[in-house]
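Comments concern the structure below.
The values are calculated or read from the model by the stated rules, or taken from the named source; none is laboratory data. Remember, predicted model here, so these are calculated numbers, not experimental data. Please note: Cβ atoms are built from the backbone with ideal geometry, for glycine as well, and neighbour counts cover all protein chains shown. Note: accessible area is taken over every heavy atom of the protein model, side chains too, but ligands, DNA and RNA are not part of it. Shrake-Rupley method; radii C 1.70, N 1.55, O 1.52, S 1.80 Å.
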Amino acid sequence: EFISDLNKLCPVIEKLVEITKTYRKNYEAIKEKNKQIDFDDMEHFALAILDVNDHAVADIYRQQFKQIMVDEFQDSNDVQNELVLLICKENNVFRVGDIKQSIYGFRHAKPQLMKGLITNKKENDEVIYLSNNYRSKKMIVDFNNILFKELMNTDGFSCSYAKEDDVETGVPAQNEDNLP
C-alpha cells in the first residue's frame, strides 16, 4: 500500500523538484544580475577567506580571540561550525544550545553537531547541563520531557534524548496546581 501511494505521488514529487531547481536557477540569476549576495553566500565567502593561503587570515583571528562563545549552537550548520573551527585554538570555544530548540533545519542547521560534541567529548572538554526551567509549570515541563523523549528516540532521527536532557522545575511555585 505504501509503495502504491508513493508511486501515485511520484509525478507530484518530480514537479516539486523541477520547480525547486527552476527557483534556484532564477534566484542565482537575480543575485548575479543585481550583484547581490545572501546570508548563505556570506558564510561561504567567509570560509573561503579564512581558508586561502594556508589559513593565513584564520591564523590572524586565531591569535586575536582568547575565548569564543557560540550561542544557539544547535542551529549551526557545517559551514558555520567550520568557521569557528578555523578561528579557534585547541580549547577556547564555549558553545551554548539545546538540541530540542533547533528551528533552522531549512537553513541546514545540524543539531547533531552539538550532540556529537557531547557524545564524543575530549579529555579536557566539559559539558554543563542547565536542567532547571524557571518559566513553566511542572505539568508543562513534565509533558515536554515525555514528548521529546518519544519524538527524539525514534528510528531514523539523528539526535536522541537521554536522561541528562530531562528538565525539572526551578522553584517550588512552579509545582502548584493553580494555572497562571
Exercise. In segment 137-180, what residues are under 23 Å from Pro111 (Cβ atoms) and touching a Lys or Arg at 6+ places or on another chain (Cβ under 6 Å)?
Worked result: Phe148, Cys159, Tyr161
Seminar exercise, completed: Glu72 fails exactly one of (1) charged (D, E, K, R); (2) modelled with pLDDT of 95 or more; (3) open to solvent by 50 Å² or more (accessible area, probe 1.4 Å); (4) more than 23 Å from the chain's Cα centre (by Cα), namely (4)
For this session: Starting from residues that are in a helix (DSSP H, G or I) and under 25 Å from the mean Cα position of the chain (by Cα), keep the ones in segment 29-43 and report whichever is surrounded by the most Cβ atoms within 10 Å (Cβ to Cβ).
Result: Glu43
For this session: With respect to Ile99, determine if the residue is touching a Pro at 6+ places or on another chain (Cβ under 8 Å), under 28 Å from Thr169 (Cβ atoms) and at pLDDT below 95.
Result: yes
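What about Lys8, is it modelled with pLDDT under 95, open to solvent by 80 Å² or more (accessible area, probe 1.4 Å) and not small (Gly, Ala, Ser)? So that I can check it myself, show each step before the final result.
Details: modelled with pLDDT under 95: yes; open to solvent by 80 Å² or more (accessible area, probe 1.4 Å): yes; not small (Gly, Ala, Ser): yes.
Yes: the conditions hold for Lys8.
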Exercise. Out of segment 114-160, which residues are among the basic types (Lys, Arg), over 22 Å from the mean Cα position of the chain (by Cα), within 18 Å of Gln101 (Cβ to Cβ) and surrounded by 15 or more Cβ atoms within 10 Å (Cβ to Cβ)?
Worked result: none
Exercise. Would you pick out the residues in segment 52-73 that are in contact with a strand residue (DSSP E or B) (Cβ under 7 Å, 6 or more places away or on another chain) and in a helix (DSSP H, G or I)?
Worked result: Phe73
Problem set entry | Residues located in segment 48-63, provided they are open to solvent by 90 Å² or more (accessible area, probe 1.4 Å) and either under 26 Å from the mean Cα position of the chain (by Cα) or of a type in the set (Gly, Ala, Ser) (or both) | Ile49, Tyr61
